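Contents: one structure, followed by commentary.
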Amino acid sequence: MEKQNLTEKEVSEKYSIGLRLLRNMRMHGEGPTFIKISGTLGETGGRIVYPVAAVDAWLSSMPAGGGGSR
């Protein structure tokens, strides 16, 4: 059974998207939809996961590449 949510590292590896790019897009409100799971009480930060369906939908919405001008 395939996982429903992936960590940012798993998304990076599965879809060949750089971790830095994922983080930058997230900070600028771009990229695939993510879920922030809060840490325990008194702990800073939390965990970020990406629903597989959201990543697939985001990638499908991207224009097909290769048509850049020179």
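Where a number appears in this text, it was derived from the coordinates with a stated rule and is not lab data. Computed from a predicted structure; not experimentally measured. No Cβ is skipped: glycine too gets one built from the backbone with ideal geometry, and neighbour counts run over all protein chains shown.
Across the range 4-14, in residue order, what do the Karplus-derived ³J(HN,Hα) couplings come to in whole Hz, using 6.51 cos²θ - 1.76 cosθ + 1.60 with θ = phi - 60° and x for Gly and Pro?
Karplus-based 3J(HN,Hα) across the range 4-14 equals 8, 10, 10, 6, 4, 5, 5, 4, 4, 6, 5 Hz.
What net charge do the residues around V49 carry, taking every other residue with its C-beta under 12 Å from that of V49, with Lys and Arg at +1 and Asp and Glu at -1? Mind showing how you got there, number by number?
Details: positive: K3, K9, R26, K36, R47; negative: E8, E10.
After counting each charged neighbour, the total is +3.
Based on the alpha-carbon gyration tensor of the range 2-64 and its eigenvalue square roots a ≥ b ≥ c, which shape applies: rounded if a/c is under 1.5, prolate if not and a/b is larger than b/c, or oblate?
Working: a/c = 2.07, a/b = 1.66, b/c = 1.25.
Note, shape of the range 2-64 comes out prolate.
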